[in-house]
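Notes to accompany the following structure.
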Amino acid sequence: MKIVNIVGARPNFMKIAPLMAAYSKYDDIEPILVHTGQHYDEKMSDLFFRQLGIPTPDINLGIGSGSHAVQTAEIMKAFEPVCLEHKPDAVLVVGDVNSTIACGLVAVKLGIKLIHVEAGLRSGDRAMPEEINRVLTDSISDMLFCTEQSGVDNLLAEGVSKARIHMVGHVMIDTLLTNLEKAKASNIHNEMNDNFGIDCSKGYGVLTMHRPSNVDDPIVFGRILDALEVIQNDMPIIFPMHPRTRKNIAGTDLGNRVDNMKNLHLLDPIGYLDFLKLTSNAKLVLTDSGGIQEETTVLKIPCLTLRENTERPITAEIGSNQVVGTETQNILNAYNRLKDGSFREAQIPPLWDGNAAPRIVKIMHEELK
Ligand code: UD1
């Protein structure tokens, strides 16, 4: 049973790692790992392979950056010959990035079964590129693995047959639970002390921001900075910056404002273990990422999501996440409530127990025979 597995962008790596480990328990599964090269910087890609023990990709398509159309089309052109040569029984894609839909489309057009891990999530916001990728990938997939009940409900409402949908939990949480102990050895707290004089034991916040709706729009970015200006008076904020964000603000007024905030500390992108150590000990996380809403839920760390919606509603319903939008006052109101101690104890969503990948591979093994 030959299964081609796709990774392309940073959030894919923590999702594929436990699947590659789970395949190794089956003698009759031959996994092939394909990296599209959507992300290519050492700190956005190779570092994650090393830290998470992901095997070196069998094939790297080396596509890199581009407009949505160019990136998607180049991945498709490069991936089709791979499928023709290897003739896999199935192609497995994870998440919602451009590599996900590009490779999914190639597979189904060649009559190869398509498996989508993290299916069914919907923000309802079609202006978000990932939402288009999610809807399209799910509509062409043969097997759909969901992380939360909303995913199952969304797929059923869209007419996907029940037999194709499997609620299995979350492979990204498998990776988090596997690495939590290892992350304790990270030196990042000492580095923060050496580089910025931050005593991490006294409390700090972590910020990530890279969504085009936030960082490509100077007005929205400015509103978020207004809120950060207030929060950084209470605690240092550590901001590992995505290359998209850095490129956008370089040499602009926004860039100057970020540089001038005394207690907002910029880092280059950091590895998985350093980031896990930072978030698991933070007082507060502010983010526009999808996955970080879920990781903070498992870690029970308060998270303010700087977006108008979430495709991962369970994190806000029972987890530690609050979707606060991007209006300065709304961010600060939520922050002040946290400061006053009104923080609901997070519950961990069903099946986020570290065993999602073995469940998925067992089902695949049975159904693809
Ligand atoms: C992509 C995903 C997004 C995911 C994010 C995680 C899509 C549509 N978006 O967004 O869902 O949350 O990855 O990081 O697939 N760049 C570098 N080095 C790299 C990669 C990118 O400098 O290794 C810069 C380039 O200037 C590039 C820009 O970042 O143009 C954006 O990269 P791209 O892969 O197009 O989208 P992301 O914003 O990273």
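Read-outs: derived from the displayed coordinates by stated rules, not from any lab. None of these values were measured; they are calculated from a predicted model. A quick note on method: Cβ atoms are made from the backbone with ideal geometry, for glycine too, and the neighbour counts reach across all protein chains shown.
When the convex hull of the Cα atoms of the chain is projected onto a plane and the area is averaged over all directions, what value comes out in nm²?
Numbers: hull surface 68.7 nm².
Across all orientations, the chain yields a mean hull projection of 17.2 nm².
Size of the dipole of the chain about the Cα centre, Lys and Arg at +1 and Asp and Glu at -1 on the beta carbon, nothing else charged, in debye to 20?
Once rounded to the nearest 20, the dipole reads 200 debye.
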Amide H within-cut-off set for residue 323, under 5 Å, with H built and near neighbours excluded: 305
Can you give me the angle between helix 356-367 and the longest principal axis of the chain, using Cα atoms only, in degrees from 0 to 90, rounded to the nearest 10? 20
Using only the alpha-carbon atoms, how far is helix 68-86 inclined from the longest principal axis of the chain? Give it as 0 to 90 degrees, nearest 10. 40
Under the rule of at least 5 residues apart or a separate chain, name every residue whose amide H is placed under 5 Å from the amide H of residue 267. 239, 241
Percentage relative contact order, region 186-339, counting C-alpha pairs under 8 Å, at least six apart: 24
When only DSSP loop residues count, what trypsin sites (Lys or Arg not before Pro) in region 144-194 have their Cβ near at most 14 other Cβ atoms within 10 Å? 184
I'd like the Karplus ³J(HN,Hα) series for region 177-182: coefficients 6.51, -1.76, 1.60, θ = phi - 60°, whole numbers in Hz, and an x wherever there's a Gly or Pro. 5, 5, 9, 4, 5, 4
Other-chain or far-sequence residues with amide H under 5 Å of residue 33's (modelled H): 5, 58, 59
The ³J(HN,Hα) series, computed from each phi in region 4-17 with the Karplus coefficients 6.51, -1.76 and 1.60 at θ = phi - 60°, rounded to the nearest Hz and given as x for glycine or proline, is 8, 10, 10, 10, x, 10, 3, x, 6, 5, 5, 7, 7, 3
Ranked by Cβ crowding within 10 angstrom, fewest neighbours first, how are 56, 279 ordered? 56, 279
Can you quote the Å³ per residue value for the convex hull of the Cα atoms in region 186-339, rounded to an integer? 102
How would 68, 35 line up from fewest to most surrounding beta-carbon atoms within 10 angstrom? 68, 35
